[in-house]
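Here's the structure, in structure tokens; my notes come after.
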Amino acid sequence: MKHQSIEQLQALAEIRPGPAMTRTERLERWAELLERDPERRLGTLSGTEYAPSGTRQTMRASGSPMTVAFDDVSLRAAGLGDDSYGEAKRFFELSDRQLHDIVCNCHFGSAVRAGNAARRVRAAIGLWPRIKAFFA
């Protein structure tokens, strides 16, 4: 085996991004991650429906459903930049209402079970994409 320096390997490497994940694939992956430990208690965000838009975009809670997504290497590689409300909204292509239903404390209190969050994530996918995936 020939040993090479990092610089030598970088000169030889051809880096190609993998195929882009569709919105449905990103949401499915998030739901799967949450379903791995359905009883896990995750932090929620307070008052997402009342926060000014600029404030809402930067909201985050340590150990939230969005943190579960950000902890995943494949979602970060696909472009998830952090575990903030605004980034989750952008990356998963969710409306404020959809993301509010997943992470706001008015639905769950200070913590949500991961399994409950997963069901809400799957609901955000919509019925038609799930029907198509079932028959594919």
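Since every read-out is calculated from the coordinates, none of them should be taken as a lab result. The structure displayed is predicted, hence computed values, not measured ones. Positions of Cβ are generated from backbone atoms using ideal geometry, with glycine treated the same way; all protein chains shown enter the neighbour counts.
Footprinting exposure proxy ranking of 122, 26, 97, 76, fewest other C-beta atoms within 10 angstrom first, gives 97, 76, 122, 26.
Considering only alpha-carbon pairs that sit under 8 angstrom and 6 or more positions apart, the relative contact order computed for region 14-129 is 40 percent. Using R0 = 35 Å, the C-beta based FRET efficiency linking residue 119 and residue 3 works out to 0.10.
In order along region 88-103, the phi-based Karplus estimate (6.51 cos²θ - 1.76 cosθ + 1.60, θ = phi - 60°) of 3J(HN,Hα) comes to 5, 4, 5, 5, 8, 6, 10, 7, 4, 5, 5, 5, 4, 5, 8, 10 Hz; Gly and Pro are listed as x. Give the residues of region 58-99 whose amide nitrogen is closer than 16 Å to a point set 7 Å from the Cα of residue 25 in the direction of its Cβ. What the label zone holds, given the 16 Å backbone N cut-off, is 73-80, 91-93. Each of 100, 3, 107 was scored by other Cβ atoms within 10 Å of its Cβ. Arranged with the fewest first, they read 3, 107, 100.
Shown in residue order for region 43-51 are the 3J(HN,Hα) couplings computed by the Karplus curve 6.51 cos²θ - 1.76 cosθ + 1.60 at θ = phi - 60°: x, 10, 9, 9, x, 4, 6, 9, 5 Hz (x for Gly and Pro).
Here's how it looks for residue 45: its modeled amide H is under 5 Å from those of 104, 105, which are all 5 or more places away or on a different chain.
From the alpha carbon centroid of region 47-106 to that of region 107-123 is 13 Å. For region 52-65, putting each phi into the Karplus relation 6.51 cos²θ - 1.76 cosθ + 1.60 with θ = phi - 60° gives couplings of x, 3, x, 5, 4, 4, 9, 5, 7, 9, 4, x, 8, x Hz, in residue order, rounded to whole numbers and with x for Gly and Pro.
Using Cβ contacts closer than 10 Å as the measure, can you line up 121, 68, 73 from fewest to most?
73, 68, 121
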